[in-house]
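**Q** Supplied in structure tokens, the structure appears directly below.
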Amino acid sequence: MTASAGLLASATPLAAAYDLALVDLDGVAYKGHLPIEHAAASLAAARSGGMRLLFVTNNASREPEDVAGQLTGLDIPTDPDEVMTAAQACAALLTTRLDPGAKVLVVGGKGLVTAVRSAGFTVVGSADDKPDAVAQGYSPEVGWAELAEAAYAVGAGAWHVASNLDLSLPTARGFAPGNGALVGAVVSATGVTPDSAGKPSPTMYRLAVERAGASRPLVIGDRLDTDLGGARGGGYPGLHVLTGVSTARDAVLAVPGERPSFLGADLRALLEPHPAPVLTDGWYVCGGASAQVAGGGLRLDGSGIDLVRAACAAAWAAADAGDDLDPATVPELVA
């Protein structure tokens, strides 16, 4: 492996270079309740080559069994112990400050309730129960009454722990408010900033790697701010697939802490070598594509995922050197 402007190169397919894939769900394995093209076949091929899969999701509303069942129904056979949810990470974070039996007000779905109880805490339903903490995770059933109870408890001094801070949630119809938007309502009412267990905190990745006993993990995600930010924060290489939230243009403009190590149009990228752009005569060249930053603008030649790689290399190198890049010169790129 060699580094080039933040990107890594792999002469062998990623599924052979890494022993564990930490795979995000929405936007990577599926979108809402719909399959993503090439996802099932690519993950099956990676598994057949010896790569293990562990699905890591910021969704705290469902049980691992439910997630595994959905994946299996989409032709991605999955056991519950191959799923790590933000609910499990949230419960693990609670154990760092609370004693067993402590009272926790849970605002969220059954997955978070189960995880908190399994961690040894007493689940309560009202701020009047004087909870020691509020655990807040996404559920479509969460409404004003539940948010109000959370605000009352946090305002009275309870520790506020969010399963994740995703502002949006991809669905088959578009992007809906995520847990971060609901957490924002409690923050607006209390002025208290919560701790978060989910991505981009690397806590979930660390727990997943420990569970699998892996030595060469690879993070796979569609969101720069959570999936790839968590990978950078935890020191794990990350593959950004362009089937979800963050676009190729977003990757070109990514801040250092959210840059992916690898780029792919979809999960077929697991089965392919990954060339790194090489600086040649002022241009970053990758395959038949090239890019450079000159005069504050991004210049491009070529197409496809190699052009995205070249553009990222050129833009990141310019940013790291303190050169200004006008975002208006960065077009939407198609991989």
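**Q** Can you name the residue in the stretch 235-260 that is of a type in the set (Gly, Ala, Ser) and assigned to a loop (DSSP other than H, G, I, E, B) and, of all such residues, is nearest to Leu325 (Cα to Cα)?
**A** Here is the first cut: in the stretch 235-260, the residues of a type in the set (Gly, Ala, Ser) are 235, 238, 244, 246, 248, 251, 254, 257.
Then keep just the ones that are assigned to a loop (DSSP other than H, G, I, E, B); that gives 235, 244, 246, 254.
Details: Gly235: 27, Gly244: 25, Ser246: 19, Ala254: 12 Å.
The selected residue is Ala254.
**Q** Can you tell me which residue within the stretch 261-294, out of those that are in a loop (DSSP other than H, G, I, E, B) and free of Cβ contacts under 8 Å to residues at least 24 places away in the same chain, is most open to solvent (accessible area, probe 1.4 Å)? Before you say what the answer is, go through the steps one by one.
**A** As a first pass, look at the stretch 261-294 and keep what is in a loop (DSSP other than H, G, I, E, B): 261, 265-266, 272-273, 275-277, 281-282, 287-288.
Pick out the ones that are also free of Cβ contacts under 8 Å to residues at least 24 places away in the same chain and you get 281-282, 287-288.
Values: Asp281: 145, Gly282: 44, Gly287: 60, Gly288: 76 Å².
By that ranking, first place goes to Asp281.
**Q** Among the listed residues Asp250, Asp227, identify the single one that is of a type in the set (Asp, Glu) and touching a strand residue (DSSP E or B) at 6+ places or on another chain (Cβ under 8 Å).
**A** Numbers: Asp250 fails: touching a strand residue (DSSP E or B) at 6+ places or on another chain (Cβ under 8 Å).
The match here is Asp227.
**Q** Could you list, in sequence order, all residues of the stretch 59-81 that are surrounded by fewer than 20 Cβ atoms within 10 Å (Cβ to Cβ) and charged (D, E, K, R)?
**A** Once the filter is applied, which keeps residues that are surrounded by fewer than 20 Cβ atoms within 10 Å (Cβ to Cβ) and charged (D, E, K, R), the stretch 59-81 yields Glu63, Glu65, Asp66, Asp75, Asp79, Asp81.
**Q** Among the listed residues Ala46, Ala41, which satisfies the condition of being modelled with pLDDT of 95 or more, buried (at least 21 other Cβ atoms within 10 Å of the Cβ) and part of a helix (DSSP H, G or I)? Quick ask: steps written out before the conclusion?
**A** On the way: Ala41 fails: buried (at least 21 other Cβ atoms within 10 Å of the Cβ).
Result: Ala46 is the single residue among Ala46, Ala41 that is modelled with pLDDT of 95 or more, buried (at least 21 other Cβ atoms within 10 Å of the Cβ) and part of a helix (DSSP H, G or I).
**Q** Would you please list the contacts, defined by Cβ atoms under 7 Å and residues six or more apart or on different chains, that run from a residue in the stretch 67-83 that is over 17 Å from Met51 (Cβ atoms) to a residue that is of a type in the set (Phe, Trp, Tyr) and not in a loop (DSSP other than H, G, I, E, B)?
**A** So the pair list comes out as Val67/Phe55; Leu74/Tyr30.
**Q** I'd like to know if the stretch 189-196 contains one or more residues that are charged (D, E, K, R) and part of a strand (DSSP E or B).
**A** Taking the stretch 189-196 and keeping what is charged (D, E, K, R), we get 195.
Keeping just the survivors that are part of a strand (DSSP E or B) gives 195.
Yes, because at least one residue in the stretch 189-196 is charged (D, E, K, R) and part of a strand (DSSP E or B).
**Q** Residues of the stretch 177-208 being over 18 Å from Trp159 (Cα atoms) and open to solvent by less than 20 Å² (accessible area, probe 1.4 Å), which ones?
**A** Those that are over 18 Å from Trp159 (Cα atoms) and open to solvent by less than 20 Å² (accessible area, probe 1.4 Å): Gly178, Lys199, Met204, Tyr205, Ala208.
**Q** Let me ask another. Can you work out which of the residues in the stretch 65-87 that are part of a helix (DSSP H, G or I) and closer than 20 Å to Tyr205 by Cβ is nearest to the chain's Cα centre (by Cα)? Walk me through it before giving the result.
**A** To start, the set of residues in the stretch 65-87 that are part of a helix (DSSP H, G or I) comprises 65-73, 80-82, 86-87.
Still in the list and also closer than 20 Å to Tyr205 by Cβ: 67-68, 71, 80-82, 86-87.
Numbers: Val67: 16, Ala68: 18, Leu71: 17, Pro80: 19, Asp81: 19, Glu82: 16, Ala86: 11, Ala87: 15 Å.
Restricting to residues being part of a helix (DSSP H, G or I) and closer than 20 Å to Tyr205 by Cβ, the top hit is Ala86.
**Q** So which residues in the stretch 1-38 are at pLDDT 95 or above, over 20 Å from the mean Cα position of the chain (by Cα) and open to solvent by 10 Å² or more (accessible area, probe 1.4 Å)?
**A** Ala9, Ala11, Thr12, Pro13, Ala16, Ala17
**Q** Being in a helix (DSSP H, G or I), closer than 27 Å to Asp250 by Cα and open to solvent by less than 30 Å² (accessible area, probe 1.4 Å), is that true of even one residue in the stretch 210-224? Spell out how you get there, then give the answer.
**A** Step one: list which residues in the stretch 210-224 are in a helix (DSSP H, G or I), which gives 210-212, 224.
Within this subset, residues satisfying the condition of being closer than 27 Å to Asp250 by Cα are 224.
Retained after the next criterion (residues that are open to solvent by less than 30 Å² (accessible area, probe 1.4 Å)): 224.
Yes, the stretch 210-224 has at least one match.
**Q** Give me the pairs, please: first residue somewhere in the stretch 312-335 and under 13 Å from Leu279 (Cβ atoms), second residue anywhere and charged (D, E, K, R) and not in a loop (DSSP other than H, G, I, E, B), beta-carbon distance under 9 Å, and either six or more positions apart or on two chains.
**A** Pairs found: Ala314/Arg299.
**Q** Further, regarding this structure: Would you point out the residue of the stretch 49-59, among those that are within 19 Å of the chain's Cα centre (by Cα) and assigned to a loop (DSSP other than H, G, I, E, B), that is nearest to Leu14 (Cα to Cα)? Before the answer, list the steps.
**A** Going residue by residue through the stretch 49-59, those that are within 19 Å of the chain's Cα centre (by Cα) are 52-59.
Subsequent filtering for residues that are assigned to a loop (DSSP other than H, G, I, E, B) retains 58-59.
Values: Asn58: 24, Asn59: 26 Å.
Within the stretch 49-59, the match that is nearest to Leu14 (Cα to Cα) is Asn58.
The values are calculated or read from the model by the stated rules, or taken from the named source; none is laboratory data. Please read all numbers here as calculations on a predicted model, not as lab measurements. For neighbour counting, all protein chains shown are included, and Cβ atoms are generated from backbone atoms with ideal geometry for every residue, glycine included. These area figures cover heavy atoms from the full protein model, side chains too; ligands, DNA and RNA do not enter into them. Shrake-Rupley method; radii C 1.70, N 1.55, O 1.52, S 1.80 Å.
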